[in-house]
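Throughout, read-outs are computed from the coordinates displayed, never taken from laboratory work. These numbers were taken from a predicted model, which means no experiment stands behind them. Cβ sites come from the backbone with ideal geometry, for glycine too, and all protein chains shown count toward neighbours.
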Amino acid sequence: MLGRTANNVYWMARYVERAENMARLLASIYHMSLLPASNGSALRQWEAPLSLGGNRAVFDERYGVISPGNVLAHMALDGDNPGSIISSVREARENARETRTNLTTEVWEGINQTYLELEGISYSKMVDQGFQEFFEWVKERSHLFRGAIYGTMRRGEAFTFSRLGTFVERADNTARFLSIGWDTLGTGGKGSLAAEDYYRWGALLRAFSAFKAYREVYSGIIEPKRVAELLVLREDMPRSLQACTSEVLVMLRATRGDASCTRVAEDVHRSLQRSRIDGILRTGLPQFLNGYINRNNELNTLIGRDFMLVL
Amino acid sequence: MALNEAFDEMRGLGETIREAYRSYNEWLDETPISRLTERHQQADLIFRRLGITFSVYGSDEGVERLIPFDVVPRILDAGEWDTLAGGVIQRVRAINAFLNDIYHEQNILKSGRIPADLVLHNPAFRPEVLGLDLPRNVYVHVAGIDIVRVSAEEFYVLEDNARVPSGVSYMLENRETMMRLFPDLFGSQSVAPINHYPQTLLRSLRSVGPRGVYDPTVVVMTPGHFNSAYFEHAFLAQQMGVELVEGSDLFVENDGVYMRTTEGPRRVDVIYRRIDDDFIDPLAFDANSMLGVPGLLSVVRNGHVSLANAIGTGIADDKAIYCYVPDMIDFYLGEKPILKNVPTYQLGEEEDRNYVLDHLEELVVKEVAGSGGYGMLIGPASTADQRFEFRNKILAHPTSFIAQPTLSLSTCPTLVDGGIAPRHVDLRPFVLTGESTTVVPGGLTRVAMREGSLVVNSSQGGGTKDTWVLEA
């Protein structure tokens, strides 16, 4: 397969995953914002998506103040914001378009349709439809994309690079969201969690579709430490760092076991396996997550170099 | 020109339904217009979802547009098609012989049948490939011959597109869509299939691999996804099961062309390039081109990679050379031309020029190097200002223009807002050359969607139709 094609497929999948995760984050914050807040943290939460994928200059000029509506408009539908959902979907579609010969009809048509429908959605339409409905729709389209990849693509390189893109991106997003959550939500410190924080951690778990799983695994009330463990170290949680790293490793070993990116992935995987949540919290979760994000970026660069994705 | 003077594909000049349309007309009589309108909307959805769009240069309406698709087919009977097929194959054989000649012995120039100046001083003539022997002596592997009809018996060739003709993907997708929308129509009569085109193309391309290469690797080369015909490039690559490459995917090393793959460099033997000569090799031609492959020409010259179409075919689709295709047919094949040329005035000749300047209102003036309906004056539909502008252009650069009488293009029933009405059409059959020269039955019918308009180019708002050749 052409290096450029692999690059297109890889970024197509990354952008779809990015769009889905932005929808998850926005849905979760929106959910939190519906809860009563005592300490004025309600508006502060809306800064999180901006700091993750917003364009602050465009935002300040166009919207001025931080409000739920402004942030949602900027992060969902603002084509001038490269981090918005519509920008991610457009990038995904452009990458797909450049390599459509290597995709099945189902994959291409699904992604093309998503973009065309998204183009037809205005802010007022999103309000009419309901924000949650909109986020659900974005998630569904992403599920459809992955399903079409999984259910129709030959297990060749296009499949491999698409899966790689999905999990490299997801690992990055999970680490960033968790880091933001850890910063903005109360972690209880030595005492116990305030009631409203309990609900907020619940909303965060929902952003990772992990609310029920938490119950199954820990069968207790929500503790930030357990949430972190679930999302960092549990191999059986499909959005955890450990699970993403494992998927990446499987794909890289199938493609070229001796490549330098494969060795880095093995390294990251091994160190996650050896880690325990108490140890991670002792050095500080944000620091740990930061280190992970850097390693993941390094992995991305090496994948580009090893497979000639970068010309 | 009034529409009712034009020959209609369905009714001829009178009201009698012509043989080819008899069965279709019966179906049409029983079918409410609302069903056609509904199917038309469905077709739009299908095209949009498949992403069959094209980009319009210099348009503000957004980058991607659908080419209007009309659900009423253009139908030819077996006899009509035999004539057309024979005619276009004859032309392409002659053109290939001409190209091989002017890049070698130049017998036709020596004989004086074609003025040597017209060829040798033409910017589309490529001295870089003089003396180069091509596999099977084929230059034009893919040609699109533009044909118009003016009466039951009279067909004229407007242009021989011998560089990188496009539109074949629309021919194929139009058929696919028609079969999806109107399966009953295909059951009641025998429409010649066309979907073997990509396989025939691949076979042609594989048959012109470099000497000594037993199993040639073929690729389609595109200028990139911003090109107006990108959909077609991707479509053909997919249908043939070959890689779609851009210039940056290829590089030259050790006198070979390679593509950059995830497993390292891989040798390329035949490049079906959808990019003009000028941009193909920045070292040999346009140095500013970002689209080409540095050093490609030297590999071509050494016979280690084949290009389709070959470098230098532009000379054969030059509008000034066009006049001499009948001479080529006589000179190389010793045959009489099956299809007619449109009488053409050379504006470099004083007599012709004076006549044309006196009759601008009746004539079509075309820029020799223009394509896609840009840089064209249609006399009967022009304003005094436009004629004044063209008069000045002609006087400034007479040899850059030719003029032709305005032909009364045939019309074909077409679904428009008010129901079904006649609209002018042309036809572009696609002719393939490898081991032999062949053409799939039909081609791309382009239709001018505006009432009375004679401009069928998609860049000027023209639409397309499925083209049926009925089997005998």
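In terms of other Cβ atoms within 10 Å, B:PHE98, B:PHE69 run from fewest to most in the order B:PHE69, B:PHE98. Once you divide the Cα radius of gyration of the stretch B:345-405 by 2.2 N^0.38 Å, the number left is 0.96.
Within the straight-line cut-off of under 13 Å between alpha carbons, the aspartates and glutamates reachable from B:LYS110 are B:ASP101, sequence neighbours fewer than 8 places apart in one chain being disregarded. When B:CYS412, B:CYS323 are sorted by how many other C-beta atoms sit within 10 angstrom of their C-beta, beginning with the fewest, the order is B:CYS323, B:CYS412. For the peptides A:265-277, B:266-278, A:110-122, the ranking by mean Cβ contacts within 10 Å, running from highest to lowest, is B:266-278, A:110-122, A:265-277.
Between the beta carbons of B:ARG35 and B:HIS121, assuming R0 = 56 Å, the FRET efficiency works out to 0.45 to the nearest 0.05.
Just give me a number: lysine pairs in the stretch A:3-307, eight or more positions apart or cross-chain, with C-alpha atoms less than 24 Å apart.
Working: A:LYS125/A:LYS139; A:LYS139/A:LYS212; A:LYS190/A:LYS225; A:LYS212/A:LYS225.
Lysine pairs, 8 or more places apart or on different chains, close enough: 4.
Helix content alone sets the calculated 222 nm mean residue ellipticity of chain B: runs of n ≥ 4 DSSP H residues at -39500 (n - 2.57) each, divided across all residues, give -8500 deg cm²/dmol.
Between B:LYS110 and A:LEU116, the distance separating the two model label sites (each 7 Å from Cα on the Cα→Cβ line) works out to 5.9 nm.
Given R0 = 25 Å, the distance between the Cβ atoms of A:VAL65 and A:GLU133 translates into a calculated FRET efficiency of 0.45.
With neighbour counts taken as other beta-carbon atoms within 10 Å, the residues B:LYS393, B:LYS319, A:LYS125 rank, fewest first, as A:LYS125, B:LYS393, B:LYS319. Rg and Dmax over the alpha-carbon atoms of the stretch B:66-131 stand at 18.4, 51 Å. Over all orientations, the stretch B:108-159 has a Cα convex hull whose mean projected area works out to 6.0 square nanometres. Here the protein assembly as shown is treated as an ellipsoid with the same Cα gyration tensor; its semi-axes, largest first and in whole Å, are 58, 31, 23. What the phi angles of the stretch B:177-186 give under the Karplus curve with 6.51, -1.76 and 1.60, with θ = phi - 60°, is a coupling list of 5, 4, 5, 6, 7, 10, x, 4, 5, 7 Hz, glycine and proline written as x. With θ taken as phi - 60° and the Karplus curve 6.51 cos²θ - 1.76 cosθ + 1.60 applied, the whole-hertz 3J(HN,Hα) list for the stretch A:176-186 is 5, 5, 4, 4, 5, x, 4, 5, 8, 8, x Hz, x standing for glycine and proline.
Taking the Kirkwood radius as Rh and the Cα radius of gyration as Rg, the stretch B:431-472 has a ratio of Rg/Rh equal to 1.14. Projected over all directions and averaged, the alpha-carbon convex hull of the stretch B:46-186 occupies 12.9 nm². A Förster distance of 51 Å, applied to the separation of the beta-carbon atoms of B:SER436 and A:TYR123, puts the FRET efficiency at 0.25.
If you filter the stretch B:351-436 for chymotrypsin sites (Phe, Trp or Tyr not before Pro), then keep DSSP loop positions with at most 15 other Cβ within 10 Å, what is left?
Numbers: sites: B:TYR355, B:TYR374, B:PHE388, B:PHE390, B:PHE401, B:PHE430; in loops: B:TYR374.
Answer in residue order: B:TYR374.
Strictly greater than 25 Å: what percent of every Cα pair in the stretch A:3-307 meets that? Please list the in-between numbers first.
Numbers: 23039 of 46360 pairs.
Tail fraction, whole percent: 50.
What's the magnitude of the charge dipole for the stretch A:3-307 around its Cα centre, counting Lys and Arg as +1 and Asp and Glu as -1 at the beta-carbon? Answer in Debye, nearest 20.
Working: 38 positive and 36 negative charges, 158 e Å.
Roughly 760 debye, rounded to the nearest 20.
Direction-averaged shadow area of the convex hull around the Cα atoms of the stretch B:347-472, nm²?
Values: hull surface 43.3 nm².
Result: a mean projected hull area of 10.8 nm².
Using a Cα-Cα cut-off of under 24 Å, which lysines could be cross-linked to B:LYS366, ignoring same-chain neighbours fewer than 8 residues away? Hits, sequence-local ones excluded: B:LYS319, B:LYS340, B:LYS393.
Once you average over the residues of B:38-49, how many Cβ atoms of partner chains fall within 10 Å of each Cβ? The partial results should precede the final answer.
Numbers: counts 0, 0, 0, 0, 0, 0, 0, 0, 0, 0, 3, 7.
Per residue, the average neighbour count from other chains is 1.
Plugging the Kirkwood radius over Cα pairs into Stokes-Einstein for chain B, at a temperature of 25 °C and a viscosity of 0.890 mPa s, what D comes out in µm²/s? Roughly 105 µm²/s, to the nearest whole number. Reported to the nearest whole Å, the Cα centre-to-centre distance from the stretch B:224-267 to the stretch A:242-311 is 32.
DSSP assigns beta bridges within the protein assembly as shown; of those with both partners inside it, close to 75 percent run antiparallel.
Just the ratio, please: alpha-carbon radius of gyration of the stretch A:65-151 over 2.2 N^0.38 Å, N its number of residues.
Working: Rg = 13.7 Å, N = 87, 2.2 N^0.38 = 12.0 Å.
The value comes to 1.14.
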